[in-house]
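Taking it in order: structure first as structure tokens, then the write-up.
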């Protein structure tokens, strides 16, 4: 039987930390659960997942729907969209069966590319290659999550760009319902011997997912800042995430004017660095632009925002000498005293 390949290309960059990543995981589980209730989808649908942060990679190969289980999504620093497109094109070339004189190949693949930020790598060559060699062989739908995704870049890939909200429960639930219904309709048409109808963007609007029009400008991605630190006791990494807020008193204007409120502190595993771009970001943020300092998510030390001479963050439990978990230097911390410092932010 001819297969209907579905590729999910998912942004797992730092700015997705916390609730957005949890909800994206839940959305993938919901899509699979709903599709498994459709007998046509069970016979035709095959799913693959590609993730990208500072680096891109396949996390689930193309497998039949019944054998697919949503993976635990990684997290990393950076948004390597160009590398993700290269990985997608490789998987289409290798995994999608072509028509030969002896057999009919797979149906045209459907690709859902979801991102919440601006690319941090070069995308020109990958976009050009996609348009020249693959755009006519697959249907790519780009989905922006939140207000900082670069719709102009995505419009170079496909005319089919839709916008979700900021990644809350309702946003990604609507995304899951739309994807499930669209894929089910596609597989039903194929089972009835009809030509593939394509994914309905009109149905996306029906569930509150808006179409992105030509010329929609992407804002500067300055709505989220993230920092990476390590626990001074366990040396385990963690991520601090701050969201842009309005300056109290009304003189700061809209969100994104340089003041950020704490969203949360999230423990990381070492795989975070495997998915992160080398070199990091050259941008810095002053500590006096930040509101809220959480305890260490690993050891509950009083602050997770102490900085070593090497320029990296660590946790600290008050004045005294501690060993930096990054460079092993002995650092003597005072009481803080309101001193400010600049710290390198993540790439988002």
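Every number here is computed from the coordinates shown, using simple stated rules; none is lab data. Bear in mind the structure is a predicted one, so any value in this text is a computation, not a measurement. Note that each Cβ is placed from the backbone with ideal geometry, even for glycine, and that neighbours are counted across all protein chains shown.
Hey, got the Cα dimensions of segment 4-211 along the principal axes, in Å, largest first?
Extents along the principal axes: 45, 36, 30 Å.
Extending each Cα 7 Å along its Cβ direction at residue 329 and residue 271, get the distance between those two points in nm, one decimal.
With each label point 7 Å from Cα toward Cβ, the separation is 3.3 nm.
With a Förster radius of 45 Å, plug the Cβ-Cβ distance of residue 63 and residue 340 into 1/(1 + (r/R0)^6) and report the FRET value to the nearest 0.05. Don't skip to the end; give the middle numbers.
Working: r = 52 Å, r/R0 = 1.15.
The formula returns an efficiency of 0.30 here.
Just to be sure I understand the model, the point goes 7 Å from the Cα along the line to the Cβ. What's the resulting residue 125 to residue 26 distance in nm?
4.1
Specify whether the C-alpha gyration tensor of segment 14-97 places it in the rounded, prolate or oblate class, a ≥ b ≥ c being the square roots of the eigenvalues: rounded for a/c under 1.5, otherwise prolate if a/b is larger than b/c and oblate if not.
Oblate, since a/c reaches 1.5 and b/c is not below a/b.
Could you give the length gained on full extension between residue 152 and residue 189, defined as 0.36 nm per residue of separation minus the Cα-Cα distance, in nm?
Details: separation 37, 0.36 × 37 = 13.32 nm, distance 3.26 nm.
That pair, residue 152 and residue 189, stretches by 10.1 nm at full extension.
Sort the following peptides by mean Cβ neighbour count (other Cβ atoms within 10 Å, averaged over residues), highest first: 90-99, 294-303, 45-54.
Values: 90-99: 14.6, 294-303: 17.9, 45-54: 24.7.
Packing order, densest peptide first, comes out as 45-54, 294-303, 90-99.
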